[in-house]
Each structure stands twice: as structure tokens, then as C-alpha cells.
Amino acid sequence: MSLTAATPQHAAGAPISLGDISGALSSRWIAAALTIGAVASQAFSHQNGDNSWLFTVAEKTLDGATPYVDFIESNPPVAYLMYAPAVWVARLAHIPVEPAAVASIFLLACLSLWLTARVLLRAGLVSKSESGFLLNAGVFALVFLPGFSFAEREHNACLLVMPALALYVARCESAKLALGDAIAAGLMAGVALAIKPYYALALAAPLLFLLARRRSLAPVLAPEQLTIAAAVAVNVAAIAVFTPAYFDIAPATFDVYLPMKEPLSDLLREVWFMLNAALLATLGLTFGRACRAPKIAVPALASLGFMGTFLIQGKGWVNHGLPGVELAFLAVAAAIAPVLYGEPDGLAERWLKVRRAVMFVFAPLMVGAPILFGVFLGATGFEEYKGLTAAVLRAAPAHPKIIAISPRLDVGHPLTRRVGGEWVGRPNALWLMMFSQMFLDANWGDAAKKERLRSYVARDARGFREDVEKSHPDIVLVVEKDKRVEAAMRNPDIAVAMDGYALAESADGIGVWTRKPR
């Protein structure tokens, strides 16, 4: 019986055959088109505030700044050092950092997809007929879909854990694996955990599945697991030796940044979280027990792990929601692949279920997800604060020195890089001061916690005054109509620092302050 004969042409009167669909979905032209689309999306857009700030920190590090002293960053060193090679290449090539950084992540995506495919193909877990479709799914999820979150830490983490997930799939089937592949995958996963320890959840759930399936603890001592453990240990030791000041910053992160969370009810209603849940629900309802297959279960469980990181971080930000959606998409693709490319017998009934899932859930989400993740933002001329770039260019000299009085990072970044300016503040914003004061106003914490919060307020305010007095910024960006900022402006240190500045103009709720003429 031919594959075409078993299609829903006979089961449900479909106008085209399963063979036609499977052939189209495995076309290499799809991968090429998606890659071109991803390149275009990045070329016509700009890097978001998180990335722009971390590029700046990487630059400062290469220029000899002392991490966590000359600049203040709440993330561990790998979060910004991973962009340092791109900064170095950009300087050698005399090009901006942004395209060099984007190109480096495209290369990382190629490495991730290549190593993932290598593990699965060598283990005999993906047939040649499936490989084209799964490659296209991987390019869509890992290269095209990220959009405005491209090169974010979460995007990078998803790329870095993919080969380790492939190893887990292979070990579930007791497949023979190359030692070099296991070590390479373990190193990549170790880097992901060095970016944010939360990402261990994306590996922990699939690892537990592997242990249960094998009914053995032996996989815990597999080469990739030992490599991950070694990488984590080396990272901690390197922080202690080379950037010990990080441990001075860490308490503030635990006291202030981590508790800054949206209510759980709001997080559960975030569109990317609901999208993630919808994909996984579709997977379970459509394929049922077939979801126990390692090729499906491992990415689905990793997706659940990333959903956990989304809830633990509690910010509701789009980049936090990205990796869960990426892996849920890949889990659904892994479930569909056997229907499209497997043995024809018995596929007709399964195809009916798949067709409904694809038609009413999977396809609409596939179309809508790129919009949600900002793939097309570049075509809209998106700017974080409309008109602010132009206002700064009007008010400032060439290559202005910039600082901000703001609780959020995206006021000064990427604007500073966009106008060719220099960021002269040590932190990326005064979030520590403002959220500490907010917690104090809410009478949050015991006496010891309140004392630490008051010290953070004083430290941030004093640091702002020192940065202004040292660097004499041309522009101070001040968020308007924000009670936290208004309170900060009354702080004696900040008031003294702002004594020589006056409001020049405003744009989209951001005041552009310049030095008063003498």
C-alpha cells in the first residue's frame, strides 16, 4: 500500500494527499525561506534593551573595566561575556556590535541544529524521510520565531540545551553515542546554566524522564552529565577568582530583583504562557500515549521546565516565555513527523486527529506566534519610546554621554547605542533604588531586610551622584509621571546631581534633561 493511498483522501475526502503535504513540508526551500526571513527580521529591526545593555557591558569589560565595580549588573558574568567575542570581531572589522552579535547567534543556531541532528541521526532515531521536516521545524522555532527576543539569554539557552536534549532522547533508546558528541553537548548545556541557574529546570525534567524510562541512575554519570557538572563548577570557581565583586552584588539581586514579580494570576494570562500551554495541551489531546515516545516527551518536558522558569522569574516578559514555546513547537513537530513520514498502515485514523489539531490549533499558532514575538517589528519602525531618539539627537551634541533616572532598563538602552552615545552610569537604571524604596513603602520584610533595602537606596543614589560628577553627562533621561521617580528626584544625592540640569524637551513620557548654560 502506498503512502498516498493511506491518506485522508479516502478517509475524509481531503483534496490533497498526505504524500503531497509531507513532500512540501520537508522541502529545503522552506528552511532557506525561514532563514532569509530571520536575517531580514534582524537586519531591519534593532536589538532590544537587554541585549544592548549586555553589549555595552561586554565592551566595558574588554576595555578593562572591573566587573561589578565599574559597572553594576545583576546577572552572572557569562550573561555578558558570551557577547565579548562578537564585540572583539566587530572592532577588528570596524562594524557595529549589533550585526556581529546577531551573526554569532546564527552560528550558534547552526551548531546547535547540526549537533542535535548528528546525535539523532547517528542513533538512528530520525529517518531520512523525517529529517527535512524536522530541520524546517527547528529552523522555524529556533531561528525565525524568536524575532525581537533573538540573541536574548533565553534564546541562547534554548539553543545551548538542544544537543543535550537530543542525547537524552538517544539514551532513552539505549542508542550508542560518540563521546565527543556527549562532551560537546554537555559543555553547551553547562554554558546555559552559567547564564542563569534557572535553566537547569529545562534539563532536570527530561533527565528524570530518562532515569524513569531506563529504570536506572546510570545516566546521571553519563559523559554529558559529568561535563555539565564540571562546567558549572568551573564557572563558580572562575567567578570567585576573576569577578569576586559579583558576590557583593548578589545579595541585592536576592533581596530586590527576584521578589519583583507579577501576580501569579497575571502570569498565567500572559499570551506567551497561554500559547505554550495550548501547544502542549494540543500535543497531549491529539497524540495521547504516543507522547511517551522520547522524541516527543523530552522536548515537551523541557518546555515545561522553561515554563517553570517563566513562573519562577515572575516578570511575564516575552523573552522569558520564548524557550518554552520553541520546545513545545518542536515536540508537536516530533509527534507529527511519524504521521507524515512513517509506515502507512494504520495512519488514516491518526491523520484525522492530526489534521484537526493542525488546522484549528497548530497552524493558527504557527502564524500568530511570530507576530507575538516581534518578527515583524522592524517593518513597523518600532521604537521603545516614540520620538525619544529624535529628541535626544536634537538636544545633545554628537556622541553624547547619557545617564537615566528610571526604574527600567529600556529607557536608556538601546537608545544610547542608537544615537552613538556613551552610557556613563554604572547600573543600567536606578531599579535597585526605586524598587527597594517601593518595598520599604509597603513595609515589606523584617528589620534586617529593611535595613538592607535602605542601604540599597542610599548606595544607588550616591552612585548616581558620583557618576554624574565624574562623567558630566550631556543628557539625563528622566521618566515622567512616575511616583517612584518623583521620590528619587527628592533624594538629596540625586537632587545635588541634577542641580546643573534642566528639562529641554519630552517624548513619550520621558524627559530629556540637558546641562544648564553657564
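Values quoted throughout were computed directly from the atomic coordinates according to the rules given, and no laboratory measurement underlies them. Just so it is clear, the model here is predicted, and its values are computed rather than measured. Because the Cβ atoms are built from the backbone with ideal geometry, glycine has one as well, and the counts that use them run over all protein chains shown.
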Problem set entry | Contour excess over end-to-end distance, with Cα ends at A237 and E422 and 0.36 nm allotted per residue | 63.4 nm
Problem set entry | Student exercise, segment 82-227 dipole from Lys, Arg, Asp, Glu Cβ charges, in Debye to nearest 20 | 400 debye
Problem set entry | Rounded to 10°, Cα long-axis angle of helix 223-242 versus longest principal axis of the chain | 10 degrees
For this session: Treat every Asp and Glu Cβ in segment 141-254 as -1 and every Lys and Arg Cβ as +1, leave all other atoms uncharged, and give the resulting dipole magnitude about the Cα centre to the nearest 20 debye.
Result: 400 debye
Exercise. Using Cα atoms only, what is the angle between the long axis of helix 97-122 and the major principal axis of the chain, expressed in degrees (0 to 90) to the nearest 10?
Worked result: 30 degrees
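So for D266, D474, fewest C-beta neighbours within 10 Å to most, what's the order?
On the way: D266 12, D474 22.
The most exposed by this proxy come first: D266, D474.
Counting pairs of alpha carbon atoms under 8 Å apart in space and at least six apart in sequence, what relative contact order in percent does the chain give?
On the way: 757 pairs, mean separation 90.6, N = 518.
Computed value for the chain: 17 percent relative contact order.
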Problem set entry | segment 20-378, dipole about Cα centre (Lys/Arg Cβ +1, Asp/Glu Cβ -1), debye to the nearest 20 | 1220 debye
For this session: State which entries of K315/K470; K315/K450; K261/K386; K261/K470; K386/K516; K196/K295 exceed 30 angstrom in Cα-Cα distance in the structure shown.
Result: K315/K470; K261/K470
For this session: Count charges around V78 for me, please; just the other residues with Cβ under 10 Å from its Cβ, Lys/Arg as +1, Asp/Glu as -1.
Result: +2
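Antiparallel as a % of all DSSP beta bridges within segment 388-515, to the nearest 5? Write out the running numbers ahead of the final one.
Details: 11 of 17 bridges.
The antiparallel proportion sits near 65 percent.
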Seminar exercise, completed: The relative contact order of segment 388-515, taking Cα pairs under 8 Å that sit 6 or more residues apart, comes to a percentage of 31 percent
Problem set entry | Cα centroid of segment 212-278 to Cα centroid of segment 286-344, whole Å | 19 Å
Seminar exercise, completed: Calculated from DSSP helices alone, with each H run of at least 4 adding -39500 (n - 2.57) and the total divided by the residues of the chain, [θ]222 nm to the nearest 500 comes to -19500 deg cm²/dmol
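Under 8 Å for C-alpha pairs, at least 6 residues apart: give me the relative contact order for segment 116-225, rounded to a whole percent.
Details: 90 pairs, mean separation 32.6, N = 110.
Over segment 116-225, the number comes to 30 percent.
Please give the net charge around P197, taking every other residue with its beta carbon less than 14 angstrom from that of P197, where Lys and Arg add +1 and Asp and Glu add -1.
Values: positive: R153, K196; negative: E154.
Value of the local net charge: +1.
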Exercise. Net charge near L121, counting Lys/Arg +1 and Asp/Glu -1 over other residues with Cβ under 14 Å of its Cβ?
Worked result: +2
Exercise. Can you give the three extents of the C-alpha atoms in the chain along their principal axes, from longest to shortest, in whole Å?
Worked result: 89, 49, 48
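What FRET efficiency would be calculated for the residue pair A65, R292, taking the C-beta separation as r and a Förster radius of 51 Å, to the nearest 0.05?
Details: r = 51 Å, r/R0 = 1.00.
The pair A65/R292 has a calculated efficiency of 0.50.
Hey, with R₀ at 22 Å, roughly what FRET efficiency would V220 and R118 work out to, going by the Cβ-Cβ distance, to 0.05?
Values: r = 23 Å, r/R0 = 1.07.
Computed FRET efficiency for V220 and R118: 0.40.
Neighbour counts of other C-beta atoms within 10 Å: give me I475, I183 arranged from fewest to most. Display every interim value, and only then the final one.
Values: I475 27, I183 15.
With the sparsest Cβ surroundings first, the list reads I183, I475.
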